[in-house]
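Asks: Let me begin by handing over the structure; questions about it come next.
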Amino acid sequence: MADNSFDIVSKVDRMEVDNALNQTAKELSQRFDFKGTDAMIEWKGELAVELSASTEERVKAALDVFREKLVKRQVSLKSLDAQEPRASGKEYKISAVFKAGISQEQAKKLGKLIRDEGPKSVKTQVMGEELRVSSKSRDDLQEVIALVKDADIDFAVQFTNYR
């Protein structure tokens, strides 16, 4: 009997993030508390955004609005790395980057968690920026998915290629 497997990945759905960004931009332009603060949000590269406003409090509030929109679109906030507000001329800016991919260190940490606490028949293999988990039993794979979902890890994970 062939092994069943799935991949653990850490990806960001660019379309969902783009939708959240557009909703945030619309809300920033329409909300009363953002009037006259020149609050805006825009893409700065493939997986980076920049928020700006005339005061530090408003740029932090704009970031909160953006986080709220991401949560509504099921984008994990663990993948968003926002920096502290910085003064830039007459305005304040916050740069935020979305983290994608599982590093070697994170993959080893996940593999150790699965080996230590998961079913004994499960094997893990690091493949680039993802971790392949395989076993003869589909029930064992389901158990591993539940284990990883319940684990307190500091990055977002998704499960793909379940077969």
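Asks: Which of (1) crowded, with 20+ Cβ neighbours inside 10 Å; (2) at pLDDT 95 or above; (3) not in a strand (DSSP E or B) is the odd one out, the single condition residue 49 does not satisfy?
Replies: Of everything listed in (1) crowded, with 20+ Cβ neighbours inside 10 Å; (2) at pLDDT 95 or above; (3) not in a strand (DSSP E or B), residue 49 misses just condition (3).
Asks: With the structure loaded, tell me whether residue 39 is of a type in the set (A, V, I, L, M, F, W, C) and in contact with a helix residue (DSSP H, G or I) (Cβ under 8 Å, 6 or more places away or on another chain) or whether it fails that test.
Replies: Numbers: of a type in the set (A, V, I, L, M, F, W, C): yes; in contact with a helix residue (DSSP H, G or I) (Cβ under 8 Å, 6 or more places away or on another chain): yes.
When the stated conditions are applied, residue 39 passes them.
Asks: Within region 54-92, which residues are touching an Asp or Glu at 6+ places or on another chain (Cβ under 6 Å) and either more than 27 Å from residue 106 (Cα to Cα) or buried (at least 20 other Cβ atoms within 10 Å of the Cβ) (or both)?
Replies: Quick first cut of region 54-92, residues touching an Asp or Glu at 6+ places or on another chain (Cβ under 6 Å) only: 54, 65, 73, 75, 85, 92.
Residues satisfying the conditions are 54, 65, 75, 85, 92.
Asks: Let me ask something additional. With the requirement that a residue be more than 14 Å from residue 17 (Cα to Cα) and touching a residue at least 40 places away in the same chain (Cβ under 8 Å), what does region 69-106 give you?
Replies: The answer is 91, 92, 93, 94, 95, 101, 102, 106.
Asks: On the basis of being within 27 Å of residue 71 (Cβ to Cβ), in contact with a Ser or Thr (Cβ under 7 Å, 6 or more places away or on another chain) and crowded, with 17+ Cβ neighbours inside 10 Å, does residue 131 make the cut? Before you say what the answer is, go through the steps one by one.
Replies: Working: within 27 Å of residue 71 (Cβ to Cβ): yes; in contact with a Ser or Thr (Cβ under 7 Å, 6 or more places away or on another chain): yes; crowded, with 17+ Cβ neighbours inside 10 Å: yes.
Answer is yes for this residue.
Asks: Next question. Could you count how many residues in region 88-119 are at pLDDT below 90 and of a type in the set (Ser, Thr, Tyr)?
Replies: 2
Asks: Moving on to the next point. For the list (1) assigned by TED's automatic domain parsing to the domain that holds residue 58; (2) of a type in the set (D, E, K, R); (3) assigned to a loop (DSSP other than H, G, I, E, B), I need the number of the one condition that residue 120 fails.
Replies: (1)
Asks: Out of the residues in region 110-128 that are within 15 Å of residue 159 (Cα to Cα) and in contact with a helix residue (DSSP H, G or I) (Cβ under 8 Å, 6 or more places away or on another chain), state the one that is surrounded by the most Cβ atoms within 10 Å (Cβ to Cβ).
Replies: Applying the first criterion (within 15 Å of residue 159 (Cα to Cα)) to region 110-128 yields 110-111, 114, 124-127.
Going one step further and asking which of them are in contact with a helix residue (DSSP H, G or I) (Cβ under 8 Å, 6 or more places away or on another chain), we end up with 110, 114, 124, 126.
Values: 110: 23, 114: 21, 124: 21, 126: 15.
Here the answer is 110.
Asks: Another question about this same structure. Being over 26 Å from residue 132 (Cβ atoms), in a strand (DSSP E or B) and in contact with a helix residue (DSSP H, G or I) (Cβ under 6 Å, 6 or more places away or on another chain) is the filter here, so list the residues in region 83-109 that pass it. Show your work before the answer.
Replies: Within region 83-109, the first condition is being over 26 Å from residue 132 (Cβ atoms), and the residues that meet it are 83-97.
Now drop any that are not in a strand (DSSP E or B), which leaves 86-88, 91-97.
Residues satisfying the conditions are 92, 94.
Asks: If you check residue 36 against the conditions, is it exposed (fewer than 15 other Cβ atoms within 10 Å of the Cβ), within 18 Å of residue 160 (Cβ to Cβ) and small (Gly, Ala, Ser)? Show your work before the answer.
Replies: Working: exposed (fewer than 15 other Cβ atoms within 10 Å of the Cβ): yes; within 18 Å of residue 160 (Cβ to Cβ): no; small (Gly, Ala, Ser): yes.
Spelling it out, it is not the case that residue 36 is exposed (fewer than 15 other Cβ atoms within 10 Å of the Cβ), within 18 Å of residue 160 (Cβ to Cβ) and small (Gly, Ala, Ser).
Asks: Among the numbered criteria (1) in contact (Cβ under 8 Å) with a residue 40 or more places away in the chain; (2) touching a helix residue (DSSP H, G or I) at 6+ places or on another chain (Cβ under 7 Å); (3) part of a strand (DSSP E or B), which one does residue 23 miss?
Replies: All conditions pass for residue 23, except number (3).
Asks: Next question. Picking from 133, 144, 148, which residue would you name as being more than 14 Å from the chain's Cα centre (by Cα), closer than 22 Å to residue 11 by Cβ, not assigned by TED's automatic domain parsing to the domain that holds residue 20 and not in a helix (DSSP H, G or I)? Step through it out loud before you land on a result.
Replies: Numbers: 144 fails: not in a helix (DSSP H, G or I); 148 fails: not in a helix (DSSP H, G or I).
The match here is 133.
The values are calculated or read from the model by the stated rules, or taken from the named source; none is laboratory data. Model, not experiment: these values are computed from the prediction. Positions of Cβ are generated from backbone atoms using ideal geometry, with glycine treated the same way; all protein chains shown enter the neighbour counts.
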